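These notes concern the structure reproduced below.
The values are calculated or read from the model by the stated rules, or taken from the named source; none is laboratory data. Quick caveat: nothing in here was measured; it's all calculated off a predicted structure. In this analysis, Cβ positions are derived from the backbone assuming ideal geometry, glycine residues included, and neighbour counts consider all displayed protein chains. Accessible surface areas use protein heavy atoms only, side chains included; no ligands, DNA or RNA. Shrake-Rupley method; radii C 1.70, N 1.55, O 1.52, S 1.80 Å.
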Amino acid sequence: MKILVTGGAGYIGAHTCLALLEQGYEVVVYDNFSNGHVEALRRVQRLAGRTLDIVRGDIQDGNLVRKTLQEHRCGGVIHFAGLKAVGDSVSNPLSFYNNNVFGTISLLDAMEDCNVRRLVFSSSATVYGDPRWLPITENHPLRALNPYGRTKLMIEDVLRDLYASDPSWSIGILRYFNPVGAHSSGEIGEDPKGVPTNLMPYIAQVASGLRSSLKVFGDDYPTLDGTGERDYLHVVDLAEGHIAALKVLEAPTLFEVNLGTGNCSTVLEMVDAFARASGRDIPVEHQNRRAGDAASCFADASKALELLGWRAWRDIDTMCRDHWNWQSRNPEGYQA
Ligand code: WQD
């Protein structure tokens, strides 16, 4: 079966394309390359020893999506394309609503026209807002805290309404916790634009000497060492979760499922693990809490195991080793 992967040249997209090729799927990547890299796809093809097709386009261009779905006879779509920087979503909400919400509606319209009703959607644990209980189960109340999160929640609502109106759709909503790491080859990984806002890429740049120290946001949370706790999962586990979801979507259904490990680590635990993996010093500077951050956030991962037969098994040391391997081989990302 051929899968259309929107945003396939991004961080999670590229790892998922590789997993798809390795599992025998055919792949057409649809990406506007605003934040993705052609070089990532070259490397994916080299690693897989197989080729994929690439269409440069925007998901808001319904005609091009229709043409692509038809010409390639796609049997399903994995939809990653979208803007993701939380800070940018606050300063530029319209571009987020346009790209993420309008873009997805335009994609869904094109899918309906082409009779392709199988979709895996990249959602986020951000839709749970501030956790009311831990671990977070899929029936936790939904509440977004910023425009980015609202776009994910709005899209989820659109998908639930769509399925209610036409249960011949097969829709898997995957709520990611904190994806980190890279493919073990060190050939593909996260190439953040500008100063990283997420923890792991920032730590990696400190380890490689690009930045002098990590600012640790908050040291008085009610956690093991006072720093924030998150559910970090290896991006290759996450990529494999998409394949497991596709298999369940062979019959019409709609499900929401957490993709996380069910464990959590503090900021300082991540710093220690990365220092061990890299053999480098990672100086830290303690700062005030970052606005909007929860003390602790981790998944109840049992539904993913029951429904998809999937679990994230790679540990923190593997995540750091692979992230460091990517960072040290590609200090300037794909550009070099
Ligand atoms: C993790 C921990 C920080 C950076 C965010 C978005 C969310 C999302 C993933 C998509 C926290 C601490 C971080 C730093 C630090 N994406 N930290 N110094 O906050 O869980 O989620 O990214 O859907 O929507 O909100 O991830 O990596 O930013 O932070 O101390 O320089 O690291 O305070 O405790 P987060 P993160």
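Counting only helices (runs of 4 or more DSSP H) that sit wholly inside the range 54-130, those with at least 2 residues that are away from the ligand (no atom under 16 Å from the Cβ) and touching a strand residue (DSSP E or B) at 6+ places or on another chain (Cβ under 8 Å) are 62-71, 103-113. Exactly one residue among 231, 225 is touching a residue at least 40 places away in the same chain (Cβ under 8 Å), acidic (Asp, Glu), touching a strand residue (DSSP E or B) at 6+ places or on another chain (Cβ under 9 Å) and farther than 16 Å from residue 178 by Cα, and that residue is 225.
Only residues that are within 14 Å of the ligand (Cβ to nearest atom) and either without any contact (Cβ under 8 Å) to a residue 40 or more places away in the chain or charged (D, E, K, R) (or both) were counted across the range 253-286, and they come to 4. Among the residues of the range 58-71, not a single one is touching a helix residue (DSSP H, G or I) at 6+ places or on another chain (Cβ under 6 Å), closer than 23 Å to residue 335 by Cα, of a type outside the set (Phe, Trp, Tyr) and open to solvent by less than 10 Å² (accessible area, probe 1.4 Å).
Among the residues of the range 309-330, those that are open to solvent by less than 20 Å² (accessible area, probe 1.4 Å) and either over 21 Å from residue 186 (Cβ atoms) or part of a loop (DSSP other than H, G, I, E, B) (or both) comprise 310, 312, 330. Number of residues in the range 208-238 that are in a strand (DSSP E or B), surrounded by 19 or more Cβ atoms within 10 Å (Cβ to Cβ), near the ligand (Cβ under 9 Å from one of its atoms) and not aliphatic (A, V, I, L, M): the value is 3.
Tell me which residues, restricted to the range 243-263, are open to solvent by less than 40 Å² (accessible area, probe 1.4 Å) and not in a strand (DSSP E or B). 243, 244, 245, 246, 249, 260, 261, 262 - these are the residues of the range 243-263 that are open to solvent by less than 40 Å² (accessible area, probe 1.4 Å) and not in a strand (DSSP E or B).
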